[in-house]
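The values are calculated or read from the model by the stated rules, or taken from the named source; none is laboratory data. Please read these numbers as outputs of a predicted model, since none were measured by experiment. Methodologically, a virtual Cβ is constructed for each residue, glycine included, from the backbone with ideal geometry; neighbour enumeration extends over all protein chains shown.
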């Protein structure tokens, strides 16, 4: 890939500044198509505000929802999904009862995209729990059921 020349070469940011900027693992682009808008917002927010060494932050839910302009239920859903994807960890501080967020190393290696929990996988778990299993009906049984229903319909309509 060709190296790009910056439009403002005298203003290139660096890690040596007094207050370093947040950095993103470029591999996040491998699966951001599978993340919801709220997941992306929360993930990038947590990377931005997290401590450089540990990736930890403890911003309140009220502060996060205000900055991201999302509702509390959207925050909770996005947080649960990011935890399931293994890109953040969440715990409660016992003394202050504040939520502690930690941005984790991405759970992927090069060419290892299969292990990433996809949005479809997360939704499938929920659907599987709520879905009732239908009894398996053979083709002969289905044909017999259809014949009975047809006879009942003919009786109701008095068709000979």
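Here are a few things to note about the model shown:
- Residue 121 meets all of the listed conditions (1) closer than 16 Å to residue 39 by Cβ; (2) modelled with pLDDT of 80 or more but one, namely (2).
- Residues considered: 111, 97. Of these, the only one that is part of a loop (DSSP other than H, G, I, E, B), modelled with pLDDT under 75 and exposed (fewer than 10 other Cβ atoms within 10 Å of the Cβ) is 111.
- Of all residues making up the range 41-57, the number that are surrounded by 15 or more Cβ atoms within 10 Å (Cβ to Cβ) and either touching a helix residue (DSSP H, G or I) at 6+ places or on another chain (Cβ under 7 Å) or in contact (Cβ under 8 Å) with a residue 40 or more places away in the chain (or both): 10
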